[in-house]
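Notes follow the structure.
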């Protein structure tokens, strides 16, 4: 196990002007499960590959423990990686696939098989050791790939979107399995995904990237409760936060749906504001923002209303979470009243959060 540090780490691909990863400063604690999340092109996979030694570092440095590994070859970094496509040897059995790193390290056969049996038991693969990958389900293949990675007992465990090829139900089960595995082994883990729900359920902390730049790194709870900017606010949470432009009045307040919101003193008078409201911060009421229900998404005890509303002469989309026992029908006219103490305010020009 080891701490991982990115210190101003930058990667710019040949023929491009903008860095894929730009001066990344990020510390991952010993034994921590860190998730890198962001849309396509955000730099998350490049950052992971820089840590693995599969991409060059053009500027800055990367440390594993106290060792500077910036220019160390991948096989000498003591990291193990699980890929999206499993990368198993089709002609080898499950046991041989798991044991392959030990075989390359010239570990004796008896010791190899002993460690294979321990790993297979932990991953629920004991009865499949003599099968070939083609005889396994997607989830079983991914377990084999994880077994091959952890059998070496690496300092750092790297995972590049390992669940993206699995169906929705299996992904949820595998999330639990990966979380349990990381907790049991205590191995420092860096996990890349574009799925923010996956990031929020797995990570001790989550690092959100956009266009190669780190936007915010914090616990899932803090990312949801206090997003640092408009991008994080819109990216974290499903459905996404409602974001609406609103004028900042001279008296230091703004109004939305007949409800006044106090603007922090760090927002200059008259400067435009972006008001953010989570779906649970809009409630059905007799007054508020007039809206038409376009889509109703029922999820058991709760339901989401996807609505069109007229705000200051502009049509905006709003999503509200409501009790499923009293759900309007599609096409109904409703009023959505915001909860002022749950509002998020951002500077419309910089996108940064205003203190509150």
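Laboratory data are not the source of any read-out in this text; all were calculated from the coordinates shown. All of these numbers come straight from a predicted model, not from anything done at the bench. Glycine also receives a Cβ, built like all others from the backbone with ideal geometry; neighbour counts cover every protein chain displayed.
By DSSP, the beta bridges lying fully in the chain are antiparallel in about 75 percent of cases. Averaging Cα coordinates gives a centre for the range 60-128 and one for the range 142-193; these two points are 13 Å apart. Between 0 and 90 degrees, the angle of helix 138-150 with respect to the longest Cα principal axis of the chain falls at about 60 degrees. For the pair residue 176 and residue 329, the difference between a 0.36 nm per residue extended length and the Cα-Cα distance amounts to 51.5 nm. Taking the Cα centre of each part, how many Å lie between the range 22-42 and the range 280-351? Distance between centres, Cα-based: 33 Å.
Quick one: 193, 201, fewest Cβ neighbours within 10 Å first, how do they rank?
201, 193
Dividing the summed -39500 (n - 2.57) terms of all DSSP H runs of n ≥ 4 by the residue count of the chain sets its mean residue ellipticity at 222 nm at -7000 deg cm²/dmol.
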